[in-house]
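Q: I am attaching a structure below and will ask some questions about it afterwards.
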Amino acid sequence: MNNHLVLQTDFGTSDGAVSAMYGVAISVNPAIRVFDLTHDIPQYHIWEGSYRLYQTVSYWPEGTVFVSVVDPGVGSERRSVVAKTALDQYIITPDNGTLTHIKNCIGIKEVRIIDEDVNRLPCSGESYTFHGRDVYAYTGARLASNLITFEQVGPEVPVDSIIELPKEEPSITNHVLTGNIDILDIRFGNLWTNIDRVLFKNLSVEYGDSFEVTIENDTRQVYKNIMTYGRTFADIHLGEPLLYVNSLDKIGVAINQGSFAKAYHIETGASWKISIRKLPKIVYN
């Protein structure tokens, strides 16, 4: 481990919950380095917690320990686990689907259930509603500080036993590329799809090509229009829509200097579908 602990929650920062997790970690090891991934995950939104880990984990060095607490089932029989990724980071989280994107897109080598008889904040009493502080931050800090080994977290369980959220793969049928709106680029309102650049290129695309883009929520059509595939936002006029490759090498949808999500009331997840069809070039004689 490298003494790095990265925290993600849906707690927000308007009360003392996140600060309490910091305090537990520093009490375990005053030299530990604690960082925030985000504490602005929408309440109970496991899908977004899963995606934000995928967006971030691979850019941290091996041995980094992540604690992700989006836990609507806190206090129930759901398992608390530590997953070792294919890139040798560690993720401590409820086993409720938060590891979906990591398992599918990065890979998980090994999973262990946290033995709470050993790995629980001393004197935390009979409280079972703040595992983020009493179990996850405490175990994460001990693991990141090499006070316990991964094997000492608890018993190993099969990787395939962890809970996964429904996650469809993008596909091309009759020259129409179909995928999902996986997440929003929150600050700017861009849509990030699960369609990677390599699959998109199978449509024989070039910068400046035009595409018919359709977005549906289940079977209800929310948006249908023609837009340009651009290298950057500067390739189109202010207020116009475009397709582009985002920072995760996936296809994004945006309005130049506007929020696409707000303009069309678009959200994310398995029910939000996007279809992309390349239009023929117009040849002027």
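Q: Using the structure shown, decide if Ser171 is of a type in the set (Gly, Ala, Ser), under 15 Å from Phe200 (Cβ atoms) and open to solvent by 40 Å² or more (accessible area, probe 1.4 Å).
A: Judged against the criteria, Ser171 is a match.
Q: Restricting to the stretch 30-65, name every residue that is outside any loop (DSSP other than H, G, I, E, B), of a type outside the set (Phe, Trp, Tyr) and open to solvent by less than 20 Å² (accessible area, probe 1.4 Å).
A: Glu48, Gly49, Ser50, Leu53, Val57, Val65
Q: Just one of the numbered conditions (1) within 20 Å of Glu169 (Cβ to Cβ); (2) open to solvent by less than 30 Å² (accessible area, probe 1.4 Å) is not true of Asp71; which one?
A: Status for Asp71: all satisfied but (1).
Q: Taking the conditions exactly as written (assigned to a strand (DSSP E or B) and in contact with an Asp or Glu (Cβ under 9 Å, 6 or more places away or on another chain)), does Ala261 satisfy them or not?
A: For Ala261, the condition - assigned to a strand (DSSP E or B) and in contact with an Asp or Glu (Cβ under 9 Å, 6 or more places away or on another chain) - is not met.
Q: Which pairs turn up if I take residues in the stretch 47-65 that are under 21 Å from Tyr22 (Cα atoms) and look for partners that are open to solvent by 10 Å² or more (accessible area, probe 1.4 Å) and among the aromatic types (Phe, Trp, Tyr) with beta carbon separation below 7 Å, at least 6 apart in sequence or on another chain?
A: Within 7 Å, the pairs are Val65/Tyr90.
Q: Could you please find all residues in the stretch 170-203 being closer than 15 Å to Tyr51 by Cα and assigned to a loop (DSSP other than H, G, I, E, B)?
A: Correct list: Ile186 only.
Q: Test of understanding: among Ala270, Ala254, which residue is surrounded by 17 or more Cβ atoms within 10 Å (Cβ to Cβ), touching a helix residue (DSSP H, G or I) at 6+ places or on another chain (Cβ under 9 Å) and under 24 Å from Gln55 (Cα atoms)?
A: Ala254 is the lone residue from the list that is surrounded by 17 or more Cβ atoms within 10 Å (Cβ to Cβ), touching a helix residue (DSSP H, G or I) at 6+ places or on another chain (Cβ under 9 Å) and under 24 Å from Gln55 (Cα atoms).
The values are calculated or read from the model by the stated rules, or taken from the named source; none is laboratory data. Predicted model, so just to flag it, every value in this text is computed and none were measured. With ideal geometry, Cβ positions are generated from the backbone for all residues, glycine too; neighbour counts draw on all protein chains shown. For accessibility, only protein heavy atoms count, side chains too; no ligands or nucleic acids. Shrake-Rupley method; radii C 1.70, N 1.55, O 1.52, S 1.80 Å.
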